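Presented below is the structure to which this report refers.
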Amino acid sequence: MRSRVGHCVITLLALLLGACAAPGPEMKTVEYVDLDRFMGRWYVIANIPTFLEKGAHNAVETYALDDDGSIQTTFTFLKDGFDGEQKQYNPRGFVRDTQSNAIWGMRFVWPIKADYRIVYLDDDYSTTVIARQKRDFIWIMARAPSITDAEYAKLLDLADSIGYDVAEINRVPQQW
């Protein structure tokens, strides 16, 4: 319990300090997200990890739409290796732009809702890129634990085109 409170305090401080950074040009999102289709299991293929995600293996983000329109989120991973301790976090998502459903607030610690933008989503909802206006964190996710090298390169190009330093993006080990 104590370590969870510590993680929450550190997350809160990181988000507050990050709010001081210049955000850069407005980040374009996808035109529309069908929330029902978006729900479910997403494997984290690559990211610029938050401090909680460093060393994550088999990282998976799962979304479920609640009756009130918020999004129950379960983030699980193995810490520092495939035989590592399983970690689980349960932030809640809130759709901020109901025209597109592509801009969310993700709440890890009340009352702060971190910026979460769906900037890429393929037509069959099998790969997505989640970014932040500050361009500090990014997540490349897929419905399967791996994607082709060509698809990965395309998504890195997209990250570069919206202002990310792709040298900071790390593949997340997935072994199922």
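The values are calculated or read from the model by the stated rules, or taken from the named source; none is laboratory data. It should be emphasised that the depicted structure is a prediction, and the values quoted were computed from it without experimental measurement. Here the Cβ is made from the backbone with ideal geometry for all residues, glycine too, and neighbour counts use every protein chain on show.
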>> Being farther than 29 Å from Q175 by Cβ, surrounded by 13 or more Cβ atoms within 10 Å (Cβ to Cβ) and among the aromatic types (F, W, Y) is true for just one of F94, F38, F75. Which residue is that?
In response: F94
> Only one of (1) under 21 Å from R171 (Cβ atoms); (2) touching a helix residue (DSSP H, G or I) at 6+ places or on another chain (Cβ under 7 Å); (3) modelled with pLDDT of 95 or more fails for L52. Which number is that?
Replying inline: (3)
> Within region 77-90, how many residues turn out to be within 15 Å of the chain's Cα centre (by Cα) and either of a type in the set (G, A, S) or in a loop (DSSP other than H, G, I, E, B) (or both)?
Replying inline: 1
>> I need the full set of residues from region 104-129 which are more than 17 Å from N47 (Cα to Cα), under 13 Å from the mean Cα position of the chain (by Cα) and in contact (Cβ under 8 Å) with a residue 60 or more places away in the chain, in order please.
In response: F108
>> Taking the conditions exactly as written (small (G, A, S) and surrounded by 19 or more Cβ atoms within 10 Å (Cβ to Cβ)), does A46 satisfy them or not?
In response: yes
> For region 42-63, how many residues meet the condition of being assigned to a strand (DSSP E or B) and not small (G, A, S)?
Replying inline: 12
> Could you say which residue among G69, G93 is free of Cβ contacts under 8 Å to residues at least 60 places away in the same chain, of a type outside the set (D, E) and assigned to a strand (DSSP E or B)?
Replying inline: G93
> Of all residues in region 49-66 being surrounded by 19 or more Cβ atoms within 10 Å (Cβ to Cβ) and of a type in the set (D, E), which is farthest from the chain's Cα centre (by Cα)?
Replying inline: E53
> Are any residues in region 133-173 within 26 Å of R96 (Cβ to Cβ), acidic (D, E) and surrounded by 16 or more Cβ atoms within 10 Å (Cβ to Cβ), and if so, which ones?
Replying inline: D136
